[in-house]
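Novice: Right, I'll just put the structure down here and ask away after.
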Amino acid sequence: QVQLVESGGGLVEAGGSLRLSCVTSGHTFSTYAMGWFRQAPGKEREFVAAIKWSDGSTYYADSVKGRFTISRDNAKNTVYLQMNSLKPEDTAVYYCAARIHIGVLNAVHEYDYWGQGTQVNVSL
């Protein structure tokens, strides 16, 4: 089992920044990759970014590339999502997720563990 706890969400004006954190605990040694996803009201959950735990390789959705950065701190068992140049369309609940098996990193259904989510609101 892997437990995930997100934090760092809040209200920010367009153009502003936020940093989300995801603290992991439990059997983290079995984790292949960590991802951030988001879900806006009335929409499906979508991929935002992912990072491989072993070598730090990163992957991004086109909509956030160049604005968001995913990173990890192995010593703290924590994954971060630095979000810059935020837009109103970035408003959503952001979820941290962990996957055990090798596979496509942007596939929502292939992640094994999920956090409770943290709300991000971006105003005009």
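Novice: Which FRET efficiency value, to the nearest 0.05, is calculated for Y32 and S7 with the Förster distance at 22 angstrom and r the Cβ-Cβ distance? Provide the component values of the computation, followed by the final result.
Specialist: Working: r = 23 Å, r/R0 = 1.06.
The formula returns an efficiency of 0.40 here.
Novice: Per residue, how large is the accessible surface of the range 5-55? Use a 1.4 angstrom probe and give square angstrom. Each step should come with its number before you reach the end.
Specialist: Values: 2550 Å² over 51 residues.
Each residue of the range 5-55 exposes 50 Å² on average to a 1.4 Å probe.
Novice: At 0.36 nm per residue, minus the direct Cα-Cα distance, what do H101 and A14 gain on full extension? Give it in nm, one decimal, please.
Specialist: Working: separation 87, 0.36 × 87 = 31.32 nm, distance 3.66 nm.
Residue separation times 0.36 nm, minus the Cα-Cα distance, leaves 27.7 nm.
Novice: Which lysines have a Cα lying under 19 Å from the Cα of K76, excluding residues fewer than 8 positions away in the same chain?
Specialist: Hits, sequence-local ones excluded: K52.
Novice: Same structure again: At q = 0.18, 0.21, 0.27 Å⁻¹, what is the log10 ratio I(q)/I(0) for the range 15-55, with the Debye formula run over Cα points and no solvent?
Specialist: -0.71, -0.88, -1.06
Novice: Subtracting the Cα-Cα distance from 0.36 nm times the residue separation, let me have the gained length for A61 to N121 in nm, one decimal.
Specialist: Working: separation 60, 0.36 × 60 = 21.60 nm, distance 1.91 nm.
Result: 19.7 nm gained on full extension.
Novice: Right, next: Explain nothing, just the number: relative contact order of the chain, from Cα pairs under 8 Å at least 6 residues apart, as a whole percent.
Specialist: On the way: 310 pairs, mean separation 44.2, N = 124.
For the chain, the relative contact order is 36 percent.
Novice: Now, a different point. Cut-off 10 angstrom, C-alpha nodes, Gaussian network model of the chain. Which of E46, E89, E110 fluctuates the most?
Specialist: E89
Novice: I would also like to ask the following. Amide H to amide H, which residues 5 or more places from R72 or on other chains are under 5 Å from it, using H placed in the peptide plane?
Specialist: Under 5 Å from the amide H of R72 lie the amide H atoms of Y80, each far enough along the sequence or on another chain.
Novice: Another question, then. Kindly write out, for the range 75-83 in residue order, the coupling ³J(HN,Hα) from the Karplus curve 6.51 cos²θ - 1.76 cosθ + 1.60 (θ = phi - 60°), rounded to whole Hz, with x marking Gly and Pro.
Specialist: 5, 9, 6, 10, 10, 10, 10, 8, 10
Novice: In whole percent, and with a 1.4 Å probe on the protein chains, what portion of the accessible area of the chain is carbon and sulfur? Provide the component values of the computation, followed by the final result.
Specialist: Details: 3110 of 6210 Å².
Reported share for carbon and sulfur atoms: 50 percent.
Novice: Further question on the same structure: Pulled fully out, how much extra length does the chain show between K87 and S71, if you take 0.36 nm times their separation in residues and subtract their Cα-Cα distance?
Specialist: Working: separation 16, 0.36 × 16 = 5.76 nm, distance 2.09 nm.
Result for the pair: 3.7 nm of gain on full extension.
Novice: Another one. Could you work out which residue, out of K87, K43, K65, moves most in a Gaussian network model of the chain, that is, has the largest mean-square fluctuation with Cα springs under 10 Å?
Specialist: Checking each option, the largest mean-square fluctuation is seen for K43.
Novice: Might you report the magnitude of the Cβ-based charge dipole of the range 1-62 about its Cα centre, with Lys and Arg at +1 and Asp and Glu at -1, to the nearest 20 debye? Before the final figure, lay out the partial values.
Specialist: Details: 5 positive and 6 negative charges, 20 e Å.
Here the size comes out at about 100 debye.
Novice: Hey, what do the phi angles of the range 47-54 turn into as Karplus ³J(HN,Hα) couplings, whole Hz, using 6.51/-1.76/1.60 and θ = phi - 60°, x for Gly and Pro?
Specialist: Once rounded to whole Hz, the list reads 5, 10, 7, 8, 9, 6, 5, 6.
Novice: Taking springs between alpha-carbon atoms closer than 10 angstrom, which of V64, V104, V48 fluctuates most in the Gaussian network model of the chain?
Specialist: Greatest mean-square fluctuation among the candidates belongs to V104.
Novice: Using only the alpha-carbon atoms of the range 78-124 as identical scatterers, what base-10 log of I(q)/I(0) does the Debye formula give at q = 0.16 Å⁻¹?
Specialist: Ignoring solvent entirely, the Cα scatterers give -0.56.
Novice: Another question about this same structure. Taking just the alpha-carbon atoms of the chain, what radius of gyration and Dmax come out, in angstrom?
Specialist: Both quantities, over Cα of the chain: 13.4, 41 Å.
Novice: Give me the aspartates and glutamates in straight-line cross-link reach of K87: C-alpha distance below 18 Å, same-chain residues under 8 apart excluded.
Specialist: E13, E46, D62
The values are calculated or read from the model by the stated rules, or taken from the named source; none is laboratory data. Nothing here was measured: the structure is a model prediction, and the numbers come from that model. All Cβ positions, even for glycine, are placed from backbone atoms using ideal geometry, and neighbour counts span all protein chains on display. Protein only, heavy atoms only, side chains kept; ligands, DNA and RNA dropped before computing areas. Shrake-Rupley method; radii C 1.70, N 1.55, O 1.52, S 1.80 Å.
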